[in-house]
Structures are given as C-alpha cells and as structure tokens.
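Notes to accompany the following structure.
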Amino acid sequence: MEPSPAELEEFRLEFKNWLNDNKPENTAFVLPQSFMEVGSDEQFYFLRDWQQKVYEAGYLGMAWPEEYGGRGKSQALQDIVTQEMIAADVPFMINTIGLNWAGPLILKMGTEEQKKKFIKPILSAEEIWCQGFSEPDNGSDLANAQTRAVKEGEHYVVNGSKIWTSLGSYAKHMILLARTNPDANSKYEGLSFFLSPMDAEGVSTTPIRKLTGEYGFNQTFFDDAKIPADGLVGAEGEGWKVAMVTLTFERGASGGQAGGHSANASRIADVIELARNARRNGKPAIKDARMREKLVRFLTEDRIMKLNAQRAKIPELVKDRPMALPLSSKLVRSEFYRRVNQFALSLQGNRSGYYVGEEASFDNGKWQRAYFQAFSATIGGGTSQIQRNIVGERVLGLPKD
C-alpha cells in the first residue's frame, strides 16, 4: 500500500531532521565531487562510512526486498531521501555502481544465490563495485570488446584490459563484459557478462591521473585471472543483452536503483550566488542583463528536467513517445551541467584562471574543478555523440546511415 500524501510529508520531515542531526562536518581534505574522483584513502573511508551510516539508519535500499537486505518499502520514500540529500548537499553515496547498476541488474537477472551474496554488502558499502566495459583500443564500440574469458572447469580464465574503471583500486567486484566465443556469427553473440572478483590472482589496477591532478579512474589488467563460473549472469553468449539492461540502469532509463545521489552537482542556486559576488565592469555580474538572461535560461532548463523526471513516470503524459524522456535524460543532464559550470567560469572574468588552493579563486576553485570533471559525465555511460544516435534512432526513428 502506497503512503498517503500526509504520510509522505511526515516522512520527509523525519528524514530532514535526521539529516540535520547527522550531516557530516566539513573535512580538512577536499572531498571528491562524484564517485569518479575518489583518489585517496581518506576520501574513500570517509565516504564509505557515510554510506554505511545512511544504510544503517534505514534510508538506503528502502524499496529493495527485505530478504536481501533492503527495507521492502515504497519507492516514493526512497525518492524523498534522494531529493533531500541533494537539496542538503550532503556527500554522495560512494558505491554508485553497486547501488545504481550492479544491484538492480542482480535483482532483475541474477540467481537467488547471487542476490543473497551481493545485495546487502552493496547497500552497506562493505563491498564496492566497479565496471569493466570500456577497453583501451575500442572506445565507444562496446560490442567489440576483446577481453577473453575461456571456460576451464569451475572457472573462466580471463585475459585483457579494461579502462576508466572508476573505484577500481578500491572495488571488491566488477561487472565485466568479456568475449567467450571469438568465432560467433556476430560480435554481439560472442560476449558474456560476469560478476567478477577484483581480488582474484592475476587482476591488477593502475590509477590514471587526470587533468585536475586527481585520480579515480583506473586501468584494470587481467593476466590469466581465474574467476568463478557461478559469477556468470544469464547464459554464456548473452552478455550483450545483459549489458544493455545494465546500461538502462546506468543511464536512468530504467528504475530500481537503491537511492542516494552519485555526485554533488553544481546547483543553480549556487551559480546565482556566484553571480551576486562576481563582478563585471565594476558591478555585480547579476546586474548584467545578458548574464541575467542566461541565468533565467538555466533556471528554466533545471525546472524542465525536474518536471520531465516526474512526467516520465505518468504513462498518460508520455504515451506518444514513452521512451523519449528516459532515453534522452542522460544526454540532457550531463550536457546541462557541463554548460552550467562553463557559465560559472564566464562570470568570474579574469579570475576564472585560478584553481583549487589559489588565494584569488572563487569558492576555492570549485567551479574550475567542476568544469573539468563535468566532461567525464558526457563520456561515461555512453558519450554524448552515442546518446544522440540513440535518441535519433530509437526515439525519432531515423535510419542508422
């Protein structure tokens, strides 16, 4: 039975009070802005402990089944938790890949043993997950993955390399796409999908230093690594189908995520405050008519995204193109935040060149850092170019050529 509006508001107040009492204090070190920037032990353990605290308080995985570690309650309650965490700008949930991609996939397509083994440690952040899809030589051509997995008894022997494995150096498990049949009729048919341990002998990671000077991304190497055969999701050769289901969770086209947020995204309210403090031609930037016009456009877009997220859940409002909003949301959202951060830099004039830690920077250079980081969201989960192809082909019905 779904909660009444009064019960929802009562719960919202309850969680707000909990946040007020439990919101983490400011740290002496710089926190990452998303799960893709976790590059130090102090960042990792701080964020892991925060997720664990939220889960133990009963506010994470609220709609997941109780028998696997969830709370078995309404998704509406979990949505409120996520909304209020974003509004309060508290740290994000570090186990993003587990909570939002691997966990929903396991609940949808995993075996009973896999659900019992993996779901609760995902929620509690005891076991961190990473993703093994992209490869150094194949770019956005996911179907051309060349990492090999050969069945030997109760194991698969894996050889190859994966790139951009966020949290790879801290992860206990990886969702892995590997080629089990190189002689299949098509490149799509020869792939299989695994829940692969990261501590297996023959698996190693190398951190990648980014333009910001931070880490978070890794390259992962498999050198005759043995992974258990019971980590296979679906049948051998069905990896492409399983991967596509995973991507619907990653891109927000399917629901079922555990809740919480995966990044402390730039908020329009903060951009407005920046416009009040930054100066153009000797006056606050917000007094500039062109800057005000751009701010209003961003406010409008921000409101549109929020309303469309609600609209997508009401079948009667999207019956003409039911998948248009889910399939376009990742593209719209990631490009929006890239443009917002770029605009925030333009407000700063010649001070836009100062970075984190430099005395003359605005907000300790957070906007410069956020601008550089924003590009990762336009690449991860499918580049903006790939997303436009998806919208063109699957929503508008345009031909591939």
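The values are calculated or read from the model by the stated rules, or taken from the named source; none is laboratory data. Quick caveat, the model's predicted, so the values are computed rather than measured. In this analysis, Cβ positions are derived from the backbone assuming ideal geometry, glycine residues included, and neighbour counts consider all displayed protein chains.
Taking D223 as the residue in question, decide whether it is in the same structural domain as M174 (by TED's automatic domain parsing), under 30 Å from A143 (Cα atoms) and part of a helix (DSSP H, G or I).
no
Every residue, every condition in (1) of a type in the set (A, V, I, L, M, F, W, C); (2) assigned to a loop (DSSP other than H, G, I, E, B); (3) at pLDDT 95 or above; (4) at negative phi, yes or no:
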{"position": "F118", "(1), (2), (3), (4)": "yes, no, yes, yes"}
{"position": "K151", "(1), (2), (3), (4)": "no, no, yes, yes"}
{"position": "N159", "(1), (2), (3), (4)": "no, no, yes, yes"}
{"position": "Y170", "(1), (2), (3), (4)": "no, yes, yes, yes"}
{"position": "I175", "(1), (2), (3), (4)": "yes, no, yes, yes"}
{"position": "K187", "(1), (2), (3), (4)": "no, yes, no, yes"}
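For residues that are touching a Pro at 6+ places or on another chain (Cβ under 9 Å) and of a type outside the set (S, T, N, Q), scanning just the range 129-163, find the one that is surrounded by the fewest Cβ atoms within 10 Å (Cβ to Cβ).
Restricting to residues being touching a Pro at 6+ places or on another chain (Cβ under 9 Å) and of a type outside the set (S, T, N, Q), the top hit is E154.
For the range 77-95, the criterion of a residue being over 24 Å from S166 (Cβ atoms), among the aliphatic types (A, V, I, L, M) and crowded, with 18+ Cβ neighbours inside 10 Å is satisfied by at least one position.
Scanning the range 235-277 for residues that are hydrophobic (A, V, I, L, M, F, W, C) and either touching a Gly at 6+ places or on another chain (Cβ under 7 Å) or under 25 Å from L123 (Cα atoms) (or both) gives V242, A243, M244, V245, L247, F249, A253, A258, A263, A265.
Tell me yes or no: at least one residue of the range 241-261 is at positive phi and over 15 Å from the mean Cα position of the chain (by Cα). So that I can check it myself, show each step before the final result.
The initial filter retains those residues of the range 241-261 that are at positive phi, namely 252, 256, 259-260.
Filter again for over 15 Å from the mean Cα position of the chain (by Cα), leaving none.
Within the range 241-261 (the criterion being at positive phi and over 15 Å from the mean Cα position of the chain (by Cα)), the answer is no, since none of the residues qualifies.
The helices (runs of 4 or more DSSP H) found entirely in the range 234-342 that carry 1 or more residues being closer than 29 Å to R71 by Cβ are 239-250, 289-311. Taking the criterion of being closer than 15 Å to R351 by Cβ, in contact with a Lys or Arg (Cβ under 7 Å, 6 or more places away or on another chain) and crowded, with 17+ Cβ neighbours inside 10 Å, the only residue of the range 260-287 that qualifies is A285.
Here D223 meets each of (1) surrounded by 15 or more Cβ atoms within 10 Å (Cβ to Cβ); (2) at pLDDT 95 or above with one exception, condition (1). E25 - would you say it is in a loop (DSSP other than H, G, I, E, B) and either over 19 Å from T96 (Cα atoms) or in contact (Cβ under 8 Å) with a residue 12 or more places away in the chain (or both)? Taking the combined requirement at face value, the residue satisfies it.
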